[in-house]
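The values are calculated or read from the model by the stated rules, or taken from the named source; none is laboratory data. From a predicted model like this one, the values you see are computed outputs, not experimental measurements. Heads up, the Cβs are rebuilt from the backbone with ideal geometry, glycines too, and the neighbour counts pull from every protein chain shown. Heavy atoms of the whole protein, side chains included, go into the accessibility calculation; ligands, DNA and RNA do not. Shrake-Rupley method; radii C 1.70, N 1.55, O 1.52, S 1.80 Å.
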Amino acid sequence: MNKTTKKSAAADANPFFGFSMPRVDAQGLTGSLIAIEGADGSGRSTQIALLQEWLESNGYAVQLVGLRRSDLLRENIDELLANTAVTRQTLTLMYAADFYDQLERTIIPALRSGLVVLADRYIFTLTARAAVRGVDRKYLDNLYQLALRPDLTFWLTVDPKVAIERELKKASVINYWEAGRDMNLSADLYESFTRYQTLLNREFERLATRYDFLRLDGETPVSAVNRELRRHIGAHLKIRSLRYTPSGALAHLWK
């Protein structure tokens, strides 16, 4: 049976970052929007997989969203990224369109149905990436005024050197964009990655202060990070028992 939750009075008063989206009644959004932010290598995707299983085991229906998951634009963005044939401004607008398509077609309908929406990164990653590439921050604030404020936003912090080691261990390759190669930070891939991720971390520090992120140390064991996530989410959703043991399918993630 699907369970629903009520948003806080503050969220009901101002559920959007700026203007309200037309024809959207905030009182009817009975679900919860939870964003998990963090660089590649922070353990973000692992935690979302574990949280989904835990929430569903407690009777909550879960909807997953993330970057480049819009049916409208996903393939177009992937093609542009693969060919590195895109300007920073175009990429910023393409990501924004991808986000808003998901907001309208997936996130808001899910919240109306009382689901828990888990966002594998949210507009904060999009604004941070654009800002470090020189896109004006005020412009970015205006661009995302119609975005819904998450009920909870977690930031899994990790040192860039730890992140790149994890990524190389997992895939043996480093993503061109995640290494900031388009910014000409360094001819050395490793150095480019660490410099780019350091710039992103500085931008996230600013965002974390502004939007009250819940910071968790992504370098601690997966089980410890998950316990903290469940503690905060459990308090928000009023889940009585926070106990959780991964199923066999996810046991390999539990370290």
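In terms of modelled amide H atoms, which long-range or inter-chain residues lie less than 5 Å from the amide H of residue 117?
32, 33, 34, 63
Near the amide H of residue 16, under 5 Å away, which other amide H atoms are found, from residues 5 or more places off or on another chain, if H is placed in the peptide plane?
Hits under the 5 Å cutoff: 149.
Which of the peptides 155-166, 111-122 is most tightly packed, and how do the rest follow, judged by the mean count of other Cβ atoms within 10 Å per residue?
Details: 155-166: 19.1, 111-122: 21.7.
Result, highest mean first: 111-122, 155-166.
Could you identify which residue out of 102, 52, 145 has the top mean-square fluctuation in a GNM of the chain using Cα springs shorter than 10 Å?
Of the options given, 145 has the highest mean-square fluctuation.
Could you grab the relative contact order for the chain? Cα pairs under 8 Å, six or more apart, rounded to a whole percent. The partial results should precede the final answer.
Numbers: 356 pairs, mean separation 70.1, N = 255.
Relative contact order of the chain: 28 percent.
Please list, ordered by chain and number, the residues whose modelled amide H lies under 5 Å from the amide H of residue 38; skip anything fewer than 5 residues away on the same chain.
156
Please give the solvent-accessible surface of residue 138 in Å², to the nearest 10, using a probe radius of 1.4 Å with every protein chain present.
Around 140 Å² of this residue is reachable by solvent.
Accessible area of region 17-103 with a 1.4 Å probe: how many percent of it is carbon plus sulfur?
Its accessible area is 48 percent carbon and sulfur atoms.
What is the dipole size for the chain, taken about its Cα centre, with +1 at each Lys and Arg Cβ and -1 at each Asp and Glu Cβ, in debye to the nearest 20?
The dipole of the chain has a size of about 740 debye.
How long are the semi-axes of the equivalent ellipsoid of the chain, taking √(5λ) for every eigenvalue λ of the Cα gyration tensor, in whole Å from largest down?
29, 24, 16
Return the single residue from 92, 106, 245 with maximal mean-square fluctuation; model: Gaussian network over the chain, springs between Cα atoms under 10 Å.
Sorting by GNM fluctuation, first place goes to 245.
Roughly how many Å² of residue 90 are accessible to a 1.4 Å probe, to the nearest 10?
Solvent-accessible area, nearest 10 Å²: 60 Å².
Starting from the 7 Å offset along Cα-to-Cβ, what nm value, one decimal, do you get for the label separation of residue 219 and residue 252?
Those two pseudo-labels are separated by 2.7 nm.
What accessible area per residue, rounded to a whole number of Å², is obtained for the chain using a probe radius of 1.4 Å?
Values: 12620 Å² over 255 residues.
Solvent-accessible surface per residue comes out at 49 Å².
Can you count the Lys pairs in the chain whose Cα atoms are under 28 Å apart, with each pair 8 or more apart or on different chains?
Step by step, the pairs that qualify in the chain add up to 10.
Comparing 240, 69, 23, which has the greatest mean-square fluctuation in the GNM of the chain with Cα pairs linked when under 10 Å apart?
Ranking 240, 69, 23 by mean-square fluctuation puts 23 first.
Using the charge dipole of the chain (Lys, Arg: +1 at Cβ; Asp, Glu: -1 at Cβ; taken about the Cα centre), state which of 176, 187, 225 has its Cα farthest towards the positive end.
Value computed over the given set: 225.
Return the sequence-ordered ³J(HN,Hα) values of region 202-214 in whole Hz as given by the Karplus equation 6.51 cos²θ - 1.76 cosθ + 1.60 applied to θ = phi - 60°, using x for Gly and Pro.
5, 5, 5, 4, 5, 5, 4, 5, 5, 10, 6, 5, 8
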